[in-house]
Structures are given as structure tokens and as C-alpha cells.
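**Q** The following block contains the structure, expressed as C-alpha cells.
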Amino acid sequence: GEPEVVRFVVVPQIFEPRYEWQEIVDGQSAPPGLEIVLDMSGNGKRGRIPPRWQLQIWMAGPRRFFRAQVQPSTTIQDLNNQAAKLASVAPGCASLTYREKGAPPTVP
């Protein structure tokens, strides 16, 4: 006879959030800070990035926190300009970059 076909659904282990609601599959871990809603019938849960949230980054140069309200329309350029203002430098002279804790700084 015909060979049996077995299909598998591969789901990423970590939920990749967006600003739109999407299903969080059993077994996925969701990063902190998301809005999560549970289906009251017990049929799952959904998550999203909140429409407005606060970014907080330690700035080594001015030795203070940079805080900004972020929404879907916020661009990295908007954030860089706000960081430049906080550091009292000209727009374009500040760049927010991510690095792991303990990693050496890099120059873009």
C-alpha cells in the first residue's frame, strides 16, 4: 500500500512579538512586557507589543538613563535624535546600539 505521510508543525521556541495580536502556541516563551490575553474557554492565548511603551537605556557618555515613549510609528532615527538632545550633541552624533552586558563597546 501507500506509505503513511506524517506531517510536523515546527513552532519557534520563542514568541516573536509584533504590534498586532497573534497566537502564542503552547510551549513558546514570550518576552516580558507584552500584553497577553487568555481565551476564557481555555483554547490558548494571544500576545502583542503594547501600542505605547517606554524604552529605557543606560547611556555611558552622559552617565544617565535615556527614556523614550515608543509606538509603532517611532523610528530609530527619532530615538537617536532624542538621545543626541539628551547628551547635548548635534543630531546625527548619537547612535543607540545594542550590546550584551559585559561586551566591549563598538564604534559604528
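**Q** How high is the relative contact order of the chain, in percent, counting Cα pairs under 8 Å that sit 6 or more residues apart?
**A** On the way: 125 pairs, mean separation 16.0, N = 108.
Rounded, it is 15 percent for the chain.
**Q** When DSSP beta bridges are limited to those with both residues in the chain, what percentage is antiparallel, rounded to the nearest 5? Could the numbers behind the result be given before it?
**A** Values: 14 of 15 bridges.
Close to 95 percent.
**Q** Now a separate question. By what distance, in whole Å, do the Cα atoms of the chain stretch along each of the three principal axes, largest value first?
**A** So the three principal-axis extents are 73, 34, 24 Å.
**Q** Measuring with a 1.4 Å probe in the full set of protein chains, what accessible area per residue, in whole Å², belongs to region 1-53? Could you put the intermediate results ahead of the total?
**A** Details: 4630 Å² over 53 residues.
Normalised by residue count, the accessible surface of region 1-53 is 87 Å².
**Q** If you don't mind, there's one more thing I want to ask. Using a 1.4 Å probe on the protein heavy atoms, what percent of the accessible area of region 24-108 belongs to carbon and sulfur?
**A** Here carbon and sulfur together make up 55 percent of the probe-accessible area.
**Q** Same structure again: Working only with C-alpha atoms, what are the Rg and Dmax values of region 25-67, expressed in angstrom?
**A** Final numbers for Rg and Dmax: 16.1, 51 Å.
**Q** Only loop residues by DSSP count here, and only those with at most 14 other Cβ atoms within 10 Å; note down the chymotrypsin sites (Phe, Trp or Tyr not before Pro) in region 24-105 that meet that.
**A** Details: sites: Trp53, Trp58, Phe65, Phe66, Tyr98; in loops: Tyr98.
Taking region 24-105 and a limit of 14 other Cβ atoms within 10 Å, the loop chymotrypsin sites (Phe, Trp or Tyr not before Pro) found are Tyr98.
**Q** Okay, next question. Taking a spot 7 Å from the Cα of Glu100 along the direction of its beta carbon, which residues of region 10-29 have an amide N less than 15 Å from it?
**A** Answer for region 10-29: none.
**Q** Length gain on complete extension for the stretch Gln22 to Gln69, per 0.36 nm per residue less the alpha carbon to alpha carbon distance?
**A** Working: separation 47, 0.36 × 47 = 16.92 nm, distance 2.29 nm.
Full extension of this stretch gives 14.6 nm more.
**Q** Over region 67-108, give the accessible area per residue in Å² for a 1.4 Å probe, as an integer. Can you show the working numbers first?
**A** Working: 3260 Å² over 42 residues.
In whole numbers, region 67-108 has 78 Å² accessible per residue.
**Q** Let me ask another. Work out the length of the dipole vector of region 60-108 about its Cα centre, built from +1 on the beta-carbon of each Lys and Arg and -1 on the beta-carbon of each Asp and Glu, and round it to the nearest 20 debye.
**A** Numbers: 6 positive and 2 negative charges, 45 e Å.
That gives region 60-108 a dipole magnitude of about 220 debye.
**Q** Working from Cα positions, state the angle (0 to 90°, nearest 10) between the long axis of helix 76-86 and the longest principal axis of the chain.
**A** Around 30 degrees separate the two axes.
**Q** Now for a different question. Roughly how many debye, to the nearest 20, is the charge dipole of the chain about its Cα centre, given +1 on each Lys and Arg Cβ, -1 on each Asp and Glu Cβ, and no other charges?
**A** Numbers: 12 positive and 10 negative charges, 178 e Å.
Computed charge dipole of the chain: roughly 860 debye.
The values are calculated or read from the model by the stated rules, or taken from the named source; none is laboratory data. What you are looking at is a predicted structure, and each value in this text was computed from that prediction instead of being measured. Glycine gets a Cβ as well: all are built from the backbone with ideal geometry, and neighbour counts include every protein chain shown. In case anyone asks, the SASA skips ligands and DNA or RNA and just uses the protein heavy atoms, side chains included. Shrake-Rupley method; radii C 1.70, N 1.55, O 1.52, S 1.80 Å.
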